[in-house]
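Any read-out appearing in this document is the output of simple, stated calculations on the displayed coordinates, not a laboratory observation. These figures come from a predicted structure and were not determined experimentally. Here the Cβ is made from the backbone with ideal geometry for all residues, glycine too, and neighbour counts use every protein chain on show.
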């Protein structure tokens, strides 16, 4: 479906070489490859349902096989894989419930293979392909696809596909997140689609070739065998289904699945008013390697049942921090699927029927070869970008399905992978990332708080593993691992908080730690509709800290506060840098909290009291952010709360300026009738056949519906660090750009309508404009 | 099927009791192998009384009293839902948790997996809008104490004993009714937990204290803490129940202490149930699996798929080589627990499961259920949803006049009416829609069976399905072949309606001891000998203490083995007599063989290293003569009362006059060819077109259902 509405100059430049691969409307497949195109004239509705269920279960077995055989912690806990079943021409019918953006790009690998491998060396029964090419289908080179055509009576019937993260695939940095790579030539090697098996016999030379690049070749080989075993399992399951229901029946059910899901998704999208939604996030600040910020943009124009997406406005590709079309597109597909099609068994072909893409290349999100791609500094803020853009749109959903699932950004908005390497007590070299970046919070949604340490929307089946799991795998000792107080973004609905942990080297030699993160102070854990950003992660470090003396004294630090009291201040760790982790060195990391939703001053005081009583919100934040004053028994002091809230509102007026950039707004229009909510605190109203955007609390009209309402707000601009230094670290530590937060208030009632993170000199961005 | 004209002696009989939600079932097996059974209504407020009433009901057929049978019994094995009910209804104790400093939040972090633990895969995407699981401890009742043991079992920070004392006192003062103690790496060195236990007991000797390392030997602090918490949560209620039950027994002169069915199979003694009541959860379904395993072995079927189809769900469990498969962790109420359990998987495919259309127009069944009240529309109690049972009535499988032995009259018109509404939406006739409901249900079950077979590494063609529960015999002939199985066995022994109680009566006392290790193969294999010997001595000592003679004790040994780089291990059984002189290369080869049989040829990779992660010893105390099946009374097939009935067979696409044979006390000789229905008092065995049914010597219906 890609490229249908892409302008003609994309043509075949987008072939997966210099530019990423975008499939044309008509694939160029060698005529010698016979495709199975037959469908039943009439599909029994019960058979349809049974076949659909059987495909879903076959795909689950495929994934389970990979997990079991590979046994990699990254897959078992991190769930960093997925599998899919595609039609003969590469339309994805069903995906598993694991990492969503893997399978949202599966069609690209299959379509490229059909176009460029069907001619030479040909595609035959018994072939299994392997690829990790970011310009075709990979977020970065770790994420390796293994996929195979399934033939029936000599014709290509369908494809089975998996993609999984490998812990090390080579390149200049251990763990293959090559922050020191400035281009692809210092990155891990890229393998475009090659045959891993012929006639179902695995080519051991290919496994050797691939694993030879890795620092952990045994693990790579085991994992690859897991994916091959998964392919075999999926093939057997599919042949079983075809044998029972007939090839024509199964193919009809596959097509019907796409048709029906597409119809449902279309109906849901029709209930969203037409308009344009945009989201900007920044990333960057990776210490000495790069002290600048980089803008990423996602814009969705929605008309009827169609979404046209572009990254226009994103800044150019840079150093190690790039992505390619496959991941940019698939993140948007995954977000639309999660918000509008979460009950459709991840039928991404159906989602794609409602999406078109206008990529701007040579950007950080859609980079050209030979950019470096392995470290994926763009990827995590892009998770925020896509979920925020789609959720902003879903907030105006009149049908309710999308609105109920909309949420801000949270877990994984910043990278925060920790890679520990060294020699363990048994003399064995170890090098592994932990999956504890999943200990982030899930953001708030409409009418609900976020989920504390709820992991990431894009990896809905991932977890962190136990402390004991990581201590048995790596030469470290955890001092504490706990939920972070005040880690969730403030709002009427609070973002889920994240976790923080402290480790020291333990019974190893030459232990090193590298935190693969951009600077968390450039916050991408943004909330919605006036909700404030969550804590975006931070890493700190102290060498020769004296911790062993503390432990010998019988004391175990329980928290950040304890550490400070016992060891003094810790320095912020330079992003992406490698630190020694000897037995007396302490490393502390916290993960991304979820953004809030709505104005914190509208939060129920009783909810704030509960948050404080369980220790996840401090009395200080309750007072400063929500204006809730509590007694020593954690009861709401109603009178003081009322006056504190009034004072905070008054302070908003003092600390903000009226933009008043547009003549005639803000204003009051008597008799304006509300048509629908466009966010929880803004609505579209109508008067005299004209439509406007108005504050839902006080009915102040802020703009024409097609204009930027923010231009009529009062705005307060300050660094997040100034807003709350305890929660938000300072941008200036690792970035030279002036990245600030803008708090937009209703000029009349001072409700907090929106919070943006941007550069000081950015124009006022428009979240939405109705068409 | 076990007529016993002569008076039956109660001496040394075995009694199995299963307390279900509605009925309490009892099976009594005499020393000579005679068998009887009975039922009583479950009294939620006094379950012990239900037990006596069920025993009474069973004993009556032998003209005996409950007291006589209980006094004479060599054992009373008891499966109870008390613990499960406490958990599900959240009616347990307020628990206080004492844990390692810095790790108090483990129970709340849930390894970031709490959102989806136990959630069906199709509901995981978007699951952030669902209710989140509620931990079994309140945050205000968690206390951290200074102590730290590392991954090697070495003490990094000694236990602050006074801090434990202070924490326990404080927790009790704040309302904690029981205490869970769980420290990091207590599996490698339990000294801190043991010391903390002593301190807690010194604070209050009556306090229920649950200790992580006593419940689990596996690494993973979240799952171990969870099992300690849930154990503490059910502990006080269970102790009251056990106390009441055992003292009632003593009052009537029963000296022999009862046994309790445990969730990992076998039975445990009162002291063990007293310490670890969590082990009694889900004992009813587990006892049913035990009965199926016994039956399978008795008739030469060693690989069995158990399918128990009830009103709200269907449970399946795989028995491989006569042994029910086990899982090392369990998910209870959204919490993952380090609690070994017979691996029973459920889906919402019971008689009361509701049929509905999704937004795409697809016909779905379950997981929602109408429950017992109002029940399916055909019950005539106000049900308005179309259910599986309604479909079975419309299709003619269930005779409205013969339901529950004719004691409940079903309303076919009401069933047609609710299905008609669905039919109009889906665009099919009423009968086609009913057939669709039935087929979708069976296909869902077949999908579950395929996944279970796959996970077990079994070829389904060589596996027999043992089907029971009200709906099992009705649907097994459809879902079993669809799942790849070729044989269905419906247990027709007298005990079929009380199958779980029968399983309980068979349970032997079992103890599992496990130790976590890190031993590299092949060269370090000798390192297992000393700890394995110690585990074996412990288990034998325990069984001797419990009163078993040496010749009644058997010991089995297993290794948990994995590729070094992997997370998951598999169990490698060790042959008796050679475990202390193993060849490391042979163990590695056996591991690779088992591994490839599970995951496919070429899936292993010895080059990555092979590691033993755990030593497991299972001790079994068996004091009774093994029960043997008796031959069933038979009747010539041509003497069966046969009444034809219109039944819709979807494979024929029409209603067909189908013979219906009523079975009561005897089973027919010869082969019965489908289509045919075999009407039993509480269910009906469906033999589909092209299938056949014979009865084995013991009265079990054996259907050949090859697809």
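A few comments on the model shown:
- FRET efficiency, residue B:413 to residue B:359 (Cβ-Cβ, R0 22 Å, nearest 0.05): 0.15
- Inter-chain Cβ neighbour average for residues A:340-350, partner chain, 10 Å: 3
- A full extension of the chain between residue B:583 and residue B:642 corresponds to an added length of 14.9 nm, given 0.36 nm per residue minus the alpha carbon distance.
- Hydrodynamic radius of the stretch B:277-402 per Kirkwood, over alpha carbon pairs, in Å: 16.5
- Length added when fully stretched, residue B:664-residue B:71, from 0.36 nm per residue minus Cα-Cα: 210.3 nm
- The mean sequence distance of close C-alpha pairs (under 8 Å, at least 6 residues apart), as a share of the length of chain A, puts its relative contact order at 12 percent.
- Over chain B, relative contact order from alpha-carbon pairs under 8 Å, at least 6 apart, %: 12
- For chain B, the longest principal axis of the alpha carbon atoms and the long axis of helix B:283-298 meet at an angle near 70°.
- Model label zone, residue A:687; criterion: amide N under 19 Å from point 7 Å along Cα-to-beta-carbon; scope the stretch A:632-667: A:660-667
- Residue A:614-residue B:130 FRET efficiency (beta carbon distance; Förster radius 22 Å; 0.05 resolution): 0.60
- Within the stretch B:198-225: backbone nitrogen closer than 13 Å to the residue B:243 label point (7 Å, Cα to C-beta): B:205-208
- Over the protein assembly as shown: helical MRE at 222 nm, DSSP H runs n ≥ 4 each giving -39500 (n - 2.57), nearest 500: -9000 deg cm²/dmol
- Cα shape, chain A, gyration tensor, a/c 1.5 rule: oblate
- The distance between label points at residue A:182 and residue B:530 comes to 5.8 nm (points 7 Å beyond Cα on the Cα→Cβ vector).
- Legend: calculated FRET efficiency, residue B:327 to residue A:642, from the Cβ-Cβ distance at R0 = 60 Å, rounded to 0.05, equals 0.65.
- Other protein chain Cβ atoms within 10 Å, averaged over every residue that makes up A:42-54: 6
- Contour excess over end-to-end distance, with Cα ends at residue A:730 and residue A:635 and 0.36 nm allotted per residue: 30.8 nm
- Across the stretch B:42-162, the relative contact order, built from alpha-carbon pairs under 8 Å that are at least six residues apart, equals 21 percent.
- Residues A:686, A:256 arranged by fewest to most Cβ contacts within 10 Å: A:686, A:256
- Solvent-free Debye scattering, log10 I(q)/I(0), computed from the Cα coordinates of the protein assembly as shown at q = 0.05, 0.06, 0.07 Å⁻¹: -0.40, -0.58, -0.81
- By the count of neighbouring beta-carbon atoms within 10 Å, fewest first, A:695, A:158 end up ordered A:695, A:158.
- Listed from fewest to most Cβ neighbours within 10 Å, the set A:698, A:525, A:178, A:95 follows the order A:698, A:178, A:95, A:525.
- Spin-label model distance (nm) - residue B:635 vs residue B:657, 7 Å beyond Cα toward Cβ: 2.2
- Residue list for the stretch A:57-71, given a label point 7 angstrom along the Cα-to-Cβ vector of residue A:244 and an amide N cut-off under 12 Å: A:57-58
- Per-residue shielding of B:448-455, expressed as the average number of other chain Cβ atoms within 10 Å of the residue Cβ, stands at 3.
- Solvent-free Debye calculation, one equal scatterer per alpha-carbon of the stretch B:118-245: log10 I(q)/I(0) at 0.14, 0.17 Å⁻¹ equals -0.68, -0.91.
- Label-to-label distance, residue A:428 versus residue B:89, with points set 7 angstrom from Cα along the beta-carbon direction: 4.9 nm.
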